[in-house]
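Visitor: This is the structure I want to talk about, given as structure tokens.
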Amino acid sequence: MSEFLELEALDGIRMPWNVIPGTKEDAVSCVVPVSAIYTPLKSIPDMPVVPYAPLRCRMCRSILNPFSRVDYSAKIWLCTFCFQRNQFPQHYSSISENNLPPELFPQYTTIEYISTAETGPVMPPVFIFVVDTCIIEEEIGYLKSALAQATELLPDNSLVGFITFGTYVQVHELGFGLLPKSYVFKGTKEVSKEQILEQMCFFAGKQKPTTGVIAGTRDGLSSESISRFLVPASECEFVLNSVIEELQKDPWHIPADQRASRCTGAALSVAASLLGVCVPGSGARIMAFVGGPSTEGPGSIVSKSLTEPIRSHKDLDKDSAPLFDKAVKFYDQIAKQLVHQGHVLDLFACAVDQVGVAEMKVAIEKTGGIVVLAESFGHSVFKDSLLRIFQSADNGLGLSFK
Ligand SMILES: [Zn+2]
């Protein structure tokens, strides 16, 4: 038993069975199915790294490993998964029992390969900041300094986008450095990928490309159009800093008996669709900074009138929170879209008031995002958590942006 625990600690893999069933019948009669829990990005001290690509089975594409059976004289290895016999390539010709390549060392059950040829160009990580401006001046000040600090830690090769929201959604064009420029979307409606694409092509002076674009490819949308909204962190420092520096409270007047008009849902929908159009399938995170309840458009949790209280646990129990189900449904859609695109939603909810995490959480949970709750953007829980996202494994959260 202890042997298996050691292996678990070493490789970060746990399986319900220690033996794989030998026949299909055995497999079917297993009450608990054969499965594995794997820890991606597990930090393994002294991880062996080899400077070449893995050797793959020509049938099932699984790779040569310490459990593969090898015929040294015939220079053949037997795939552990499909039992295909594979010939070693020429550069393995000196292989023998006393001259093993590292991937066959019995203790090298987890190793890393550095391979450039097979994987092709690596997509940079993408961060899109979605920032609430319906907050008091003092909070804006705190948020500005936290964002400014965070942007300094962004990996140089990463792409950055910046969206602000209040009554309207504003997508800032970071790729245009001469003067601040942004595109405004209504806060009352969600925005589809098609609409974003149409807008972006319109502004680029191009016809909307015909079908086949949305399916997940970037054909038809030039990298030029993308680079207006998602800019390498190393190139947009000045513009990004000035956008952050000039962040202002949402300028629209709020009557004394009303809540601020905050279109959190529409802003997240714009962010999700922008990423869906520009970088589907890449490692992108939407980082939402929210300072109060959504009152406008899709995903609203309460009306603007202050006479109506925000839903409580009791209301949810009694099913008397009229906007709850609708909002959850909206965020469920956002979750599906983000999962399909392979993108993550993180939420930094900093307010004394409620912000509607109960409605939004489905989109964060399903995309593997992070929620940080604090009472103010000046609170150390928020500031430290934000920095830890970008810090390396020892101090940070162990996220990987490679
Ligand atoms: Zn195979």
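Visitor: How far is helix 264-278 tilted off the main Cα axis of the chain, in degrees rounded to 10, range 0 to 90?
Guide: 40 degrees
Visitor: In the structure shown, do any of 189/304; 144/383; 186/361; 314/336 have a Cα-Cα gap over 20 Å, and if so which?
Guide: Flagged as over cut-off: 186/361; 314/336.
Visitor: Taking only the Cα atoms of the chain, how large is their convex hull per residue, in Å³? Don't jump to the answer; show the numbers that get you there.
Guide: Working: hull volume 81.7 nm³, N = 402.
Per residue, the Cα convex hull of the chain comes to 203 Å³.
Visitor: If each DSSP helix of 4+ residues adds -39,500 (n - 2.57) and the sum is divided by the residues in the chain, what number results at 222 nm, nearest 500 deg cm²/dmol?
Guide: -9000 deg cm²/dmol, from helical runs alone.
Visitor: Between residue 110 and residue 14, what is the label-point separation in nm under the 7 Å Cα-to-beta-carbon projection?
Guide: Placing both labels 7 Å beyond Cα along the Cβ direction yields 1.4 nm.
Visitor: Let me ask another. Quote the Stokes-Einstein diffusion coefficient, in whole µm² s⁻¹, for region 44-118, based on the Kirkwood radius over alpha carbon pairs, a temperature of 20 °C and a viscosity of 1.002 mPa s.
Guide: Here the translational diffusion coefficient equals 166 µm²/s.
Visitor: Moving on. Could you tell me the calculated FRET efficiency between residue 391 and residue 25, based on Cβ-Cβ distance and R0 = 56 angstrom, to the nearest 0.05?
Guide: Efficiency at R0 = 56 Å is approximately 0.65.
Visitor: Compute the semi-axes of the equivalent ellipsoid of region 1-43, taking the square root of 5 times each eigenvalue of the Cα gyration tensor, and list them largest first in whole Å.
Guide: 24, 12, 7
Visitor: Something else now. Report the label-to-label distance for residue 313 and residue 41 in nanometres (one decimal), using points 7 Å from each Cα along the Cα→Cβ vector.
Guide: Taking the simple label geometry, residue 313 and residue 41 are separated by 3.3 nm.
Visitor: While we're on this one: Compute the orientation-averaged projected area for region 266-402 from the convex hull of its Cα atoms and round it to one decimal in nm².
Guide: Numbers: hull surface 35.7 nm².
With every direction weighted equally, the projected area is 8.9 nm².
Visitor: Probe radius 1.4 Å, ligands and nucleic acids ignored: give me the carbon and sulfur share of the accessible area of the chain as a rounded percent.
Guide: Looking at the chain in its full context, I get 55 percent from C and S.
Visitor: A further question follows. Determine the gain in length on full extension of the stretch residue 176-residue 242; use 0.36 nm per residue of separation and subtract their C-alpha separation, reporting nm with one decimal.
Guide: Working: separation 66, 0.36 × 66 = 23.76 nm, distance 1.22 nm.
Here the segment from residue 176 to residue 242 would lengthen by 22.5 nm.
Visitor: Note down the magnitude of the dipole of the chain about its Cα centre, charges +1 on Lys and Arg C-beta and -1 on Asp and Glu C-beta and zero elsewhere, to the nearest 20 debye.
Guide: 1160 debye
Visitor: Follow-up. Kindly work out what percent of the DSSP beta bridges joining two residues of the chain are antiparallel, to the nearest 5.
Guide: Bridges in the chain are about 45 percent antiparallel.
Visitor: Okay, next question. In square angstrom, what is the accessible area per residue of region 291-381 with a 1.4 angstrom probe?
Guide: On the way: 4410 Å² over 91 residues.
With the other protein chains kept in place, region 291-381 gives 48 Å² per residue.
Visitor: Roll a 1.4 Å probe over the protein heavy atoms and report the accessible area of residue 39 in Å², nearest 10.
Guide: Its heavy atoms expose roughly 60 Å² to the probe.
Visitor: How many nm separate the modelled label positions at residue 95 and residue 72, each set 7 Å beyond the Cα in the direction of the Cβ?
Guide: Rounded to a tenth, the inter-label distance reads 1.2 nm.
Visitor: Return the inverse of the average 1/r over all pairs of distinct C-alpha atoms in region 25-160, which is the Kirkwood hydrodynamic radius, in Å to one decimal.
Guide: About 19.9 Å for region 25-160.
The values are calculated or read from the model by the stated rules, or taken from the named source; none is laboratory data. Here the structure is a predicted model, which means the values were calculated and not measured. Here the Cβ is made from the backbone with ideal geometry for all residues, glycine too, and neighbour counts use every protein chain on show. These accessible areas exclude ligands, DNA and RNA; they are computed on the full protein's heavy atoms, side chains included. Shrake-Rupley method; radii C 1.70, N 1.55, O 1.52, S 1.80 Å.
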